[in-house]
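Presented below is the structure to which this report refers.
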Amino acid sequence: MKTNYVKGSLLLITTLALAFTANAQTNDSAKRAFNIDRDNNEYVNYTKDGQRHEHITTNWKGRHYEMKLVNKQMTDLYVDGEKIPKADWGKYSAVIAQIREQIRKDEIQAKKDQAQARIDQQEAQKDQAQARLDQEQARKDQEEARKDQEQAARDQEQARKDQEEARKDQAQARLDQVQARKDQEEARKDQELMRQLLSDLVSDKIVPDAKSVKEMTLSESEMTVNGVKQPDEVFKKYHEKYSRFAHGQFSYENSPNVHGIHMSRDSNR
């Protein structure tokens, strides 16, 4: 059995069991107890044994109507619970036509509503799918933003370290410049003192001239000139006068391959 329900501005669809039809067939009293369901508007149609059955219950312009049809032919009519003889159906033909027309319109509207409901449902599904995509994209964007923030924090930390390292390098460069100036000043003093020492060696007739001094050493314990250890009186004189050299384990060499002063200075002196 195929049963159809129509809901519209006039008819309110409710579930109709087969027992209702059986009960209606047996309850044909002259006055039906319609007041119980007076506010119900129902239209039910179904196919049974190849025939289309329709059951209409509605309130129309202040009166209650109930009718049954088989293959569009009315078989029963009740008005305000009173069964109307077939001979009097013609009196209600206009009302019946209006009710049938309203049902037809309601069926059309119901189909439109169903079609619109399907469209709305499809749109809702699309919206939900788009919402899921948007949420996923938002999650990806948030994750990307979090990674960017973490990278920015790492970059800032690295920049801070680089700046700190640069400050240290600058400070070390300044110290190196100061040390370089000190070394240059020490070298200038050593060269000036060496010229005086060579001059004294010539004056003391230890060597004939400055160029003849090929090597020389002066320490806390002895003095040598060209490999010859000098007497104590000479050592003491030069040790006292050139204590700057004596304290630094001084050595001097003047040869084709090597020329210059070599010293190991005590930083505390």
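With a cut-off of 10 Å between beta carbons, the residues surrounding SER255 carry a summed charge of -1, where Lys and Arg count +1 and Asp and Glu -1. Of the chymotrypsin sites (Phe, Trp or Tyr not before Pro) in the stretch 208-251, not one is in a loop by DSSP (not H, G, I, E or B) with at most 12 other beta carbons within 10 Å. Counting charges near ALA129 (Lys, Arg +1; Asp, Glu -1) among other residues having Cβ under 14 Å from its Cβ returns a value of -2. Where a ≥ b ≥ c are the square roots of the eigenvalues of the C-alpha gyration tensor, would you call the stretch 64-182 rounded, which needs a/c under 1.5, or, failing that, prolate if a/b is larger than b/c, or oblate? It is prolate, given that a/c is not under 1.5 and a/b is the larger ratio. If you sort the three axes of the alpha carbon gyration tensor as a ≥ b ≥ c, you get a/c under 1.5 for the stretch 52-103, which makes it rounded. Cross-link list LYS182/LYS229; LYS211/LYS237; LYS189/LYS214; LYS72/LYS112; LYS86/LYS111; LYS48/LYS126: which exceed 29 angstrom alpha carbon to alpha carbon? Going by Cα-Cα distance, LYS182/LYS229; LYS86/LYS111; LYS48/LYS126 fall outside the 29 Å limit.
Net charge near GLN73, counting Lys/Arg +1 and Asp/Glu -1 over other residues with Cβ under 14 Å of its Cβ? Charge balance near GLN73 sits at +3. What's the Kirkwood radius of the stretch 130-223 in Å, using all Cα pairs? The answer is 20.2 Å. What the Cβ-Cβ distance of GLN172 and LYS147 gives, at R0 = 41 Å and to the nearest 0.05, is a FRET efficiency of 0.65.
Every number in this text was worked out from the coordinates using simple rules, so none of it is lab data. Just so we're clear, the structure is a prediction, and the values are computed from it rather than from any experiment. Ideal geometry is used to build each Cβ from the backbone, glycine not excepted, and the neighbour counts take in all protein chains shown.
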